[in-house]
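Below: the structure, in structure tokens.
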Amino acid sequence: MDRRSLLTGAAALGAGLAMPALAQDAPLKVGLILPLTGPFAAYGQQIEAGFRLYLERHGDGVAGRRIEPVVQDDAGTADTTRRIAQEMVTQGGVEVLGGFGLTPLALAAAPVSARAGVAQIVMVAATSSVTEASPMIVRTSYTTPQVTSVIARWMAGDGLSQAMTLVLDYGPGQDAEKTFARVFAEAGGTVTESLRVPMQNPDFAPFLQRVADARPQSLFVFLPSGVGAPFLKQWVERGLDKSGIRLVADGSVTDDIVLPQMGDAALGLVTGLHYSAALPSETNRAFVTEFMERYRMRPNFMAVAAHDGAHLLFEALKKTGGDATGKGLVEAMKGMAFESPRGPIRIDPATRDIVQTVYMMRVEEVGGQLWNVPFHSFEAVADPGKA
């Protein structure tokens, strides 16, 4: 449907006024809906910074259109995301939606993008099914199974045959748990127990006690960015770092924005992820240098996904001649491939999801700071459920 159909036929969304026709040479408003306050404020800061840095580096004009970011804070609340998205496309003249720091936020906006025919660039939310919620969604971040499948394969290949899993109990965590168990088993491993930690005010103590009692050969952990520090603190306090249990984690546990403050508890931890600020390519070095000079913080995987989201939008607009009509813009994005600071990436035309390199990394001290240093890579990894 087009935007006018949204207004006349989607009463459940509460649309009010028809959106005026937009001239192709008018500024193109990109609505960035981000959690800028609340517990996930750092996510929004990274996304906005990554998107704006692209405009600083490449200019804000493309195909006769000036890109105008319209940033609004949803505070990490899905109902607010839905309301903002609706207002943006029906009243605010927004032609493209972007951002979405968490899965529920991306899903909240999906009906709006689908009914209005507005491209929705998901820059963080990692649950596998997100792209299936709207034909207008294109993802430039990653999927949890994409990374977890690689970690499971690497662990099995590194001689680990038995593991427990510990995840936070929400969409991406459940994705991680299921993917790890399946891929690890396919590689000959056995998952002896799966632990899910409640999302609200997570307390790891009782779960780590169960790990200590079971003494598995290894433990795979998935936690969202920002939760890794308290987990590792309790891991060390209980002496599990000296227990002989191999700890391997999703790279969100040692996210680049929190790693410098995590201390010795993180040293030596092996993780897997699709980006590290320590990647040695010239493309990444230039990106990290400019980002840190401008924003006085280290970029993480959210910043690079937003930067790539901006690039994807620019290149698609070149193909459409500046026409941001959702269906045509999404079609232009399908199959697009380019070199990112994280390495080569491609948008799978069948799934509108990203295909990219996933890195195994080890936390090391370099130049007096902690970094996620890559030591092995798996190229051209797609979401295993969609491959």
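Using alpha carbon coordinates only, what is the Rg to Rh ratio of segment 338-387, with Rh defined as the Kirkwood radius?
Expressed as Rg/Rh, it is 1.12.
Remark: the chain carries a charge dipole of roughly 420 debye about the Cα centre, counting +1 on each Lys and Arg Cβ and -1 on each Asp and Glu Cβ. Among the GluC sites (Glu not before Pro) in segment 63-166, none sits in a DSSP loop with a Cβ that has at most 12 other Cβ atoms within 10 Å.
Ranking Phe314, Ala214, Ser194 by Cα position along the charge dipole of segment 183-316, where only Lys, Arg, Asp and Glu carry charges on their C-beta atoms, puts Ala214 farthest toward the positive end. Note that segment 27-40 has calculated 3J(HN,Hα) couplings of x, 9, 7, 10, x, 9, 9, 9, x, 9, 10, x, x, 10 Hz, one per residue in order, obtained from phi through the Karplus relation 6.51 cos²θ - 1.76 cosθ + 1.60 (θ = phi - 60°); glycine and proline are x.
Compactness check for segment 25-100: Cα Rg over 2.2 N^0.38 Å is 1.11. Converting the Cα gyration tensor eigenvalues of segment 205-248 into ellipsoid dimensions via √(5λ) gives semi-axes, longest first, of 17, 11, 10 Å. The residues of segment 161-303 present an accessible area of 41 Å² per residue when probed at 1.4 Å with all protein chains retained.
With a Förster radius of 51 Å applied to the beta-carbon distance between Phe375 and Lys327, the computed FRET efficiency rounds to 0.75.
Averaged over all directions, how much area does the convex hull of the C-alpha atoms of segment 298-355 cover when projected, in nm²?
Value for segment 298-355: 4.0 nm².
When you restrict to C-alpha pairs under 8 Å that are six or more residues apart and normalise by the size of the chain, the relative contact order lands at 17 percent.
Take the alpha-carbon centre of segment 323-387, take the same for segment 38-66, and report the distance between them in whole Å. Spelled out, the Cα-based centre of one part sits 18 Å from the other. With θ taken as phi - 60° and the Karplus curve 6.51 cos²θ - 1.76 cosθ + 1.60 applied, the whole-hertz 3J(HN,Hα) list for segment 244-249 is x, 6, 6, 9, 10, 9 Hz, x standing for glycine and proline. Between Met262, Met199, Met360, the Gaussian network model of the chain with springs among Cα atoms under 10 angstrom shows the greatest mean-square fluctuation at Met199. Remark: for residue pairs Lys242/Lys386; Lys327/Lys386; Lys319/Lys386; Lys233/Lys334; Lys29/Lys334; Lys29/Lys178, the C-alpha separation exceeds 31 Å in Lys242/Lys386; Lys233/Lys334; Lys29/Lys178.
Surface composition of the chain: carbon plus sulfur atoms contribute 49% of the solvent-accessible area (1.4 Å probe, protein chains only, all chains present).
When +1 charges are put on Lys and Arg Cβ atoms and -1 charges on Asp and Glu Cβ atoms, the dipole computed for segment 26-73 relative to its Cα centre reaches about 160 debye. Fully extending the segment from Met336 to Asp213 would add 39.4 nm, taking 0.36 nm per residue of separation and subtracting the current Cα-Cα distance. As a ratio to 2.2 N^0.38 Å, the alpha-carbon radius of gyration computed for segment 249-387 takes the value 1.15.
Quick one: dipole size for segment 289-335, taken about the Cα centre, charges +1 on Lys/Arg Cβ and -1 on Asp/Glu Cβ, in debye to the nearest 20. If you can, show how the numbers build up before the last one.
Working: 7 positive and 6 negative charges, 16 e Å.
My answer is approximately 80 debye.
When the chain is described by a simple charge dipole with +1 on each Lys and Arg Cβ and -1 on each Asp and Glu Cβ, the residue from Val330, Gly50, Thr148 located farthest towards its positive end is Val330. Spacing of the modelled spin labels on Glu193 and Thr320, each 7 Å from Cα toward Cβ, amounts to 5.2 nm.
P(r) tail for the chain, what percent of Cα pairs lie past 32 Å? Walk me through the intermediate numbers first.
Working: 23665 of 74691 pairs.
Here the tail beyond 32 Å accounts for 32 percent of pairs.
The smallest convex shape that holds all Cα atoms of segment 71-188, its convex hull, gives 97 Å³ per residue.
The values are calculated or read from the model by the stated rules, or taken from the named source; none is laboratory data. Everything quoted here is computed from the prediction, not taken from an experiment. Note that each Cβ is placed from the backbone with ideal geometry, even for glycine, and that neighbours are counted across all protein chains shown. All accessible areas refer to the heavy atoms of the entire protein, side chains included, with ligands and DNA or RNA removed. Shrake-Rupley method; radii C 1.70, N 1.55, O 1.52, S 1.80 Å.
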